[in-house]
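Please read the structure below before turning to the comments.
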Amino acid sequence: MKNPWVLQFLVALCIVDCARAASPALTIPQPTLSVGEKEAKRTILTEGTNYITCTDADGELTRAYISSMNPSTPCAGCFALEICGGNTPPTDYCLTYQPSQGKFVFTQVDNYRVAIVCTDDTADPAATGTVEVAVVKNQQPVFTTPGFGQYLVLCFCLSVGWKLSGVEVEAGGGGIGGKCV
């Protein structure tokens, strides 16, 4: 090479490119979650310490957010990504159900796809991932027949008017048909 400036430029370009910041990383340990159709309280869907994590290898601050939800009705905005886990700076996130933002209707939608983005808010490409949230249909309770010993205790309590597990039972019920008040 006759021009040393070209060689210096190429070496400098390689150094700049090699020192380029790392892209953020998104980890979703539970890509499939579930929630009950009739859930009425704020619920953390990511169980235990199975947090969704958003990190950056070169230490830049990161943030994660929900970029879309499909379908968006009838439960528009009912999922939120919240900081949890207690790390500083925050890297752990929990997917939560927010019933104040929408209700599930199993007969209309039984599965949601929640798209999550992890970014360091630089020119580095963002990391993306998807969580499937299955809505579990509300089922009527199933009562099983009590065993013989349980039946005797229940009959005795019903016939004498005692409380059974904090529930007052009318006297004279004569058996399982007694009325609880």
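The values are calculated or read from the model by the stated rules, or taken from the named source; none is laboratory data. Small disclaimer: the values here were computed from a predicted structure and weren't measured. Backbone-built Cβ (ideal geometry, glycine too); neighbour counts: all protein chains shown.
In this structure, is residue 115 within 21 Å of residue 54 (Cα to Cα) and modelled with pLDDT of 95 or more? Reasoning before the result, please.
On the way: within 21 Å of residue 54 (Cα to Cα): yes; modelled with pLDDT of 95 or more: yes.
Against the criterion (within 21 Å of residue 54 (Cα to Cα) and modelled with pLDDT of 95 or more), residue 115 qualifies.
Matching residues to (1) more than 21 Å from the chain's Cα centre (by Cα); (2) at pLDDT 95 or above; (3) surrounded by fewer than 16 Cβ atoms within 10 Å (Cβ to Cβ):
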site	(1), (2), (3)
86	no, no, yes
126	yes, yes, no
129	no, yes, no
137	no, no, yes
143	yes, no, yes
153	yes, no, yes
165	yes, no, yes
173	yes, no, no
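Can residue 30 be described as in contact (Cβ under 8 Å) with a residue 12 or more places away in the chain, within 13 Å of the chain's Cα centre (by Cα) and either surrounded by fewer than 15 Cβ atoms within 10 Å (Cβ to Cβ) or assigned by TED's automatic domain parsing to the domain that holds residue 125 (or both)? Walk me through how you get there before you give the answer.
Details: in contact (Cβ under 8 Å) with a residue 12 or more places away in the chain: yes; within 13 Å of the chain's Cα centre (by Cα): yes; either surrounded by fewer than 15 Cβ atoms within 10 Å (Cβ to Cβ) or assigned by TED's automatic domain parsing to the domain that holds residue 125 (or both): yes.
Spelling it out, residue 30 is indeed in contact (Cβ under 8 Å) with a residue 12 or more places away in the chain, within 13 Å of the chain's Cα centre (by Cα) and either surrounded by fewer than 15 Cβ atoms within 10 Å (Cβ to Cβ) or assigned by TED's automatic domain parsing to the domain that holds residue 125 (or both).
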